[in-house]
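Structure first, then comments.
None of the figures in this text is laboratory data; all of them are computed from the coordinates on show. This is a predicted model, so every value here is computed, not measured. For neighbour counting, all protein chains shown are included, and Cβ atoms are generated from backbone atoms with ideal geometry for every residue, glycine included.
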Amino acid sequence: MDKLAIHGGTPVRTKPWVSKYMGSEELGAEERARVLQVLEKKRIFRYLPTGLETSECSALENEYKSFLGTKYALAVNSGTSALICALVACGVGPGDEVIIPAYTWVATAAAVTMVGAVPVLCEIDQSLTLDPEDMVKRITKRTKAVIVVHMRGISAAMEKIVPVAKEHGMKVIEDAAQANGGTYKGRMLGSIGDVGCFSLQQSKVITTGEGGMLVTNSEELWQRAVLYHDGAGYQFRFTERKIPAFPGQNYRLTELQAALSLGQLEKMPAILQQTHRNKETIIKGLQMQPKISLAPVFGTEHDLGLSLIFYVADGQKARSVSEALTAEGVQAFQVYDGVANDQHIYINWEFLLAKRDPWGGHYPWSLTPETKVEYSANTCPRTLALLKRAVQIHLNHLVTDQDIQDIFDALEKVATHLL
Ligand SMILES: Cc1ncc(COP(=O)(O)O)c(C=O)c1O
């Protein structure tokens, strides 16, 4: 076996491993035409009284409704605002607790505190999503909701989570920011819980640059979200409001943004077919590699194939394997290396560890000083230990058969030397 590239040997490949964002790679003439058409119409604000029904935002909502099979959809300006609207829609507020996984983008935790509720961290399991058994242990009389995150395009175990949540009177909010187009046992992610949230930021499966979508089957929840996303209540000048008025924000999406991503949902199945196919091939190939471990869910229907993550014996090995793979030309990362300050890992959420609000105080934790919600390395030690020994390689729909072969060759070489 050749010397490792990291030790001066010949690398498996010299072509750079390029991380590509999927939706934006597919932007082309169609999107250009849609955006230009909006400019020509000079109708760039969603709620102008004329043309409301045929607005780009409504069209995008209609695409989502039919794609996901939900009754209602609301276009907003980010995944974060979708989460905040979802929490408000569900009546989550001061004095409440919301269970969230310890591995998610920091926005999930921030959204909870921005509505005045306390995030309660829950371990993830090898699937990289919320561990349903640990969730049960974190429920208290204050728990109002759980935000289930379909992390890295992998579906959380909805069949286990939803019944427990219902039994305890908790709302289920799906954070499908990273799993647009995913399914769980044939059901579209985002349509299974009470409310589903998506991000349309550029690193997501499809994109408007910045944007988000909220979906639900409840008219009441939808109306509450609509009111909160638009404090001015423009929407309700045109449709019947069935809920009492309350103040809101401005999380409205512009017509230009909506137009940019219109039609991308149509492109998504082809993108995801390719990522699924690649991931299945990779996982099959890696099953021959006894020195690394995989979660059973990887490479199945419940995995969009957006990245490859595997586990090795410990953090030291994960670091050396990542460095060696990168030197072989297959860019790899140790998921939690204690250095990179990755804002997907709770231990790096500085404001949360300090329970700090934007005004120098401790709101919302100060509202319920008698409850003991703590955040430290001991809060979710299994999550930290798992992510420390996890190695990640970013994938996308443009990964070729040669790229996959390079992953196999690089891993074979690195495993032989280091594992
Ligand atoms: C899991 C998760 N939740 C929420 C968000 C927030 O989305 P946005 O960046 O559109 O506000 C993201 C995006 O990075 C995410 O990955």
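How about the stretch 328-392: which chymotrypsin sites (Phe, Trp or Tyr not before Pro) there are in a DSSP loop, with at most 10 other Cβ atoms within 10 Å of their Cβ? Sparse-neighbourhood loop chymotrypsin sites (Phe, Trp or Tyr not before Pro): 359. For the listed residue pairs 137/160; 166/242; 141/166; 204/267; 20/204; 166/372, the alpha carbons are over 18 angstrom apart in 166/242; 166/372. Local charge for residue 3 was computed over the other residues whose Cβ lies under 12 Å away, with Lys and Arg +1 and Asp and Glu -1, and equals -1. Among 277-284, 55-62, 241-248, sorting by the average number of other beta carbon atoms lying within 10 angstrom of each residue, highest first, gives 55-62, 277-284, 241-248.
Scalar couplings 3J(HN,Hα) for the stretch 98-109, obtained by applying the Karplus form with A = 6.51, B = -1.76, C = 1.60 to θ = phi - 60°, are 10, 7, 9, x, 6, 10, 6, 5, 3, 4, 4, 5 Hz; x denotes Gly and Pro. Net charge in the neighbourhood of residue 199 (other residues with Cβ under 9 Å of its Cβ; Lys, Arg +1, Asp, Glu -1) is -1.
For the stretch 138-171, the set of trypsin sites (Lys or Arg not before Pro) satisfying both a DSSP loop assignment and a count of at most 15 other C-beta atoms within 10 Å is given as 141, 142. Springs join every pair of Cα atoms under 10 Å in this Gaussian network model of the chain, and among 40, 63, 25 the largest mean-square fluctuation is at 40. Note on residue 185: aspartates and glutamates with a C-alpha under 15 Å away, same-chain residues under 8 apart excluded, are 159, 301, 303.
Within the same chain, aspartates and glutamates fewer than 8 places from residue 15 are excluded, and of the rest, those with a Cα less than 18 Å from its Cα are 323, 328, 401, 403, 406, 409. Axis of helix 56-68 versus longest Cα principal axis of the chain: the two differ by about 60°, to the nearest ten degrees. Sparse packing (at most 13 other Cβ atoms within 10 Å of the Cβ) combined with a DSSP loop state is found for the following trypsin sites (Lys or Arg not before Pro) in the stretch 362-413: 372. Ranked by how many other Cβ atoms sit within 10 Å of their own Cβ, fewest first, the residues 357, 314 fall in the order 314, 357. Calculated mean residue ellipticity, 222 nm, the chain: -11000 deg cm²/dmol, from DSSP H runs (n ≥ 4) at -39500 (n - 2.57) each, averaged per residue and rounded to 500.
Both radii were evaluated on the Cα set of the chain; the Rg over Rh quotient, with Rh as the Kirkwood radius, amounts to 0.99.
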